[in-house]
Amino acid sequence: MDLEIARFCAVECELQHSGELSVYHMLSAYDYALTHQHRSPTDADVRILGALVEPRHNLVDRYRTCNVHIGSSLGADLNDVPYLMHELIDECGLTHPAPWFLEFEKIHPFRDGNGRTGVILFNWLSVSLEDPDWPPNYFHDHRRTPGWGAPREERSDGEEEAP
């Protein structure tokens with residue numbers, strides 16, 4: 001795994017305010033995706049990624065068992081998540097990665113780590129794991145302004161961030 005992928009994961013974790021240990025967990029999940037990138041992700045792959053990204057809250061053998069909030073909205077009802085994810089995974093390769101990512105985020109299949117898992121899946125489906133790219137900012141997240149993925153000294157807003 002190269003430095004650009006590590007930086008990509010570190011920036012995503014910084015944006016999610018998930019802590020330094022989450023960078024290690026995201027890199028583990030990213031490595032799993034790189035190892036399996038020769039094929040489309042399966043339901044088991046998605047659950048494994050979720051558990052690798054957030055091992056304290058997500059189980060490898062099932063999706064979330066509680067309802068969750070996405071900002072001020074609710075994710076899909078916990079009873080609908082397995083069916084919705086099965087349907088979404090069946091669309092891998094048939095749907096462009098950006099709308100697939102949006103639907104994944106709306107379902108919010110995990111208790112935590114959905115954004116980090118979604119970014120990995122977006123790159124897996126985009127065949128860009130080795131040169132990661134950012135999904136569209138569908139939710140108008142103010143943290144994801146132009147230049148947000150650039151190193152601090154290259155950010156376009158001209159402001160230096162506090163360490």
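Here are some notes:
- Gaussian network model of the chain, springs between alpha carbon atoms under 10 Å - residue of 120, 70, 48 with greatest fluctuation: 70
- Expected 222 nm ellipticity per residue - DSSP helices of 4 or more, -39500 (n - 2.57), all of the chain, to 500: -14500 deg cm²/dmol
- Cα-based shape type of segment 8-63, given that a ≥ b ≥ c are square roots of the gyration tensor eigenvalues and the cut on a/c is 1.5: oblate
- Lys/Arg +1, Asp/Glu -1 at C-beta; segment 90-148 dipole; positive extreme among 140, 97, 110: 140
- Magnitude of the charge dipole, the chain, Cβ model with Lys/Arg +1 and Asp/Glu -1, debye to 20: 460
- Rel. contact order, % - alpha carbon contacts under 8 angstrom, at least six apart, the chain: 23
- Reported to the nearest whole Å, the Cα centre-to-centre distance from segment 98-142 to segment 20-80 is 11.
Where a number appears in this text, it was derived from the coordinates with a stated rule and is not lab data. Every value quoted in this text rests on a predicted model; they were computed, and no experiment measured them. With ideal geometry, Cβ positions are generated from the backbone for all residues, glycine too; neighbour counts draw on all protein chains shown.
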